[in-house]
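One structure is given below, encoded as structure tokens.
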Amino acid sequence: MQKTLVLIKPDGVQRGLMGEIIGRFERVGLKITALKMVHPSHEDVDKHYALTEEWMRAVYEKAKAKYEANKEPFPFADHIAYGTEIKRGLVEFLKSAPIVAMVLEGEQAVPLVRKIVGSTEPAGAAPGTIRGDFAHDSYPFSNSQNRPLRNLIHASGTEEEAKQEMAVWFTDAELYKYEHVNDRVQYDPEWFLS
Ligand code: ADP
């Protein structure tokens with residue numbers, strides 16, 4: 001069964017959305033196998049966001065496309081300078097206050113959680129997603145304030161990323177195994193056989 005790592009960022013904690021966010025993951029049928037509140041160190045966040053030039057380029061292109069779609073000029077020319085600044089702000093943001101870390105388990109948990117979380121920019125995230133329902137920050141607004149998007153959540157992008165990120169926030173002893181009703185009702189092929 002796939003596992004994925006989710007962080008509720010400081011804006012989610014400080015807006016009192018922890019219960020709502022965790023509830024959405026529980027309601028879709030995911031199993032929480034680790035959960036904690038933590039005030040991260042610089043090293044924790046730096047390890048978590050091991051951001052490469054490829055990431056900087058992707059962040060740059062994603063934002064540029066959004067500005068262009070809005071017919072606004074994109075005022076940044078260099079993906080390294082842009083990406084480095086976003087990473088710096090992101091590390092500051094994450095280490096500024098407590099966050100909640102959790103591991104969610106289920107069939108195709110990585111893409112399922114990304115779907116529930118919604119796209120990076122809350123203003124463009126679909127209604128029904130966490131970012132779309134509970135935030136409305138945008139690239140132009142966050143860039144004008146020279147800070148990262150306040151989009152409530154981090155969720156792993158791939159299974160590989162999930163493994164690396166789980167090791168940043170949890171020891172093996174903190175990853176629990178227990179029986180959940182969905183191990184039967186959603187996943188046991190014999191559950192409904194008489
Ligand atoms: P996601 O969190 O949706 O996987 P990314 O990995 O691309 O997004 O970026 C990590 C985080 O960096 C985002 O969640 C957001 O907080 C911030 N961020 C990314 N791109 C930008 C941007 N162009 N402007 C401001 N903040 C950004």
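Taken together, the values in this text are just the output of simple stated rules run on the coordinates, not laboratory data. Since we're looking at a predicted model, the values are computed, not measured. For neighbour counting, all protein chains shown are included, and Cβ atoms are generated from backbone atoms with ideal geometry for every residue, glycine included.
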Rank by packing, highest mean first: peptides 180-190, 83-93, with packing defined as the count of other Cβ atoms within 10 Å averaged across residues. 83-93, 180-190
Hits among lysines - C-alpha to C-alpha of LYS71 under 16 Å, sequence gap 8 or more where chains match: LYS62
To test your reading of the geometry: what angle, between 0 and 90 degrees and rounded to tens, separates the Cα axis of helix 79-94 from the longest principal axis of the chain? 50
What order, most packed first, do the peptides 4-14, 64-74, 136-146 have when packing is the mean number of other Cβ atoms within 10 Å of each residue? 4-14, 136-146, 64-74
Between the alpha-carbon centers of segment 102-131 and segment 22-80, tell me the distance in whole angstrom. 12
Spatially proximal lysines relative to LYS95 (Cα-Cα < 23 Å; intrachain offsets below 8 disregarded): LYS9, LYS36, LYS47, LYS87, LYS163
Taking the Cα atoms only, what angle lies between the long axis of helix 18-27 and the longest principal axis of the chain, rounded to 10 degrees? 50
When the Cα centres of segment 146-175 and segment 84-100 are compared, how far apart do they sit, in Å? 13
May I ask for the angle, rounded to the nearest 10°, between helix 53-69 and the longest principal axis of the chain, with both axes built from Cα atoms and the value confined to 0 to 90°? 70
